[in-house]
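Asker: Have a look at this one before I ask anything.
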Amino acid sequence: MSEEYNHPIARFHVGQAIICVDAKWPALVASSNLQVPASGPVYHVRDIEPKPWGFGVLLTEISNPVMKLSSGRVAEPSFDEDRFMPA
């Protein structure tokens, strides 16, 4: 897990309530053992991580194991902030 990261251009902040508006996960993610957000429930931002394309969020309500990511880093996978909106 990364340190807390509140970048001025991040859409959300740690502790903010958000909802998933795009729960259509790629087949690889859907077939894995990862827990993923569903449309409807309110989640809370646990951490924000910079990504090459924007930011990823970790959620208080969902905790996945640390794994080797496609970037080569070893971390808990985060979810693209574009899949969420403020609650």
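The values are calculated or read from the model by the stated rules, or taken from the named source; none is laboratory data. Quantities reported herein were computed from a predicted structural model and do not represent experimental measurements. We place every Cβ from the backbone using ideal geometry, glycine too, and count neighbours over all the protein chains shown.
Asker: Going residue by residue through region 56-65, is there one that turns out to be surrounded by fewer than 13 Cβ atoms within 10 Å (Cβ to Cβ) and out of contact with any strand residue (DSSP E or B) (no Cβ under 7 Å at 6 or more places or on another chain)?
Answerer: There is at least one residue in region 56-65 that is surrounded by fewer than 13 Cβ atoms within 10 Å (Cβ to Cβ) and out of contact with any strand residue (DSSP E or B) (no Cβ under 7 Å at 6 or more places or on another chain).
Asker: I'd like the residue in region 29-46 that is of a type in the set (Ser, Thr, Tyr) and in a loop (DSSP other than H, G, I, E, B) and, out of all such residues, is modelled with the highest pLDDT.
Answerer: Restricting attention to region 29-46, the residues satisfying the condition of being of a type in the set (Ser, Thr, Tyr) are 31-32, 39, 43.
Those still in the list that are in a loop (DSSP other than H, G, I, E, B) too: 31-32.
Working: SER31: 69, SER32: 81.
Step by step, filter region 29-46, then rank; the result is SER32.
Asker: When both residues are 6+ apart or on different chains and their Cβ atoms are under 9 Å apart, which pairs have a first residue that lies in region 57-77 and is modelled with pLDDT of 90 or more and assigned to a loop (DSSP other than H, G, I, E, B), and a second that is surrounded by 13 or more Cβ atoms within 10 Å (Cβ to Cβ) and of a type in the set (Val, Ile, Thr)?
Answerer: That search, which allows pairs on different chains as well, returns THR60/VAL45; ILE62/VAL36; ASN64/VAL36.
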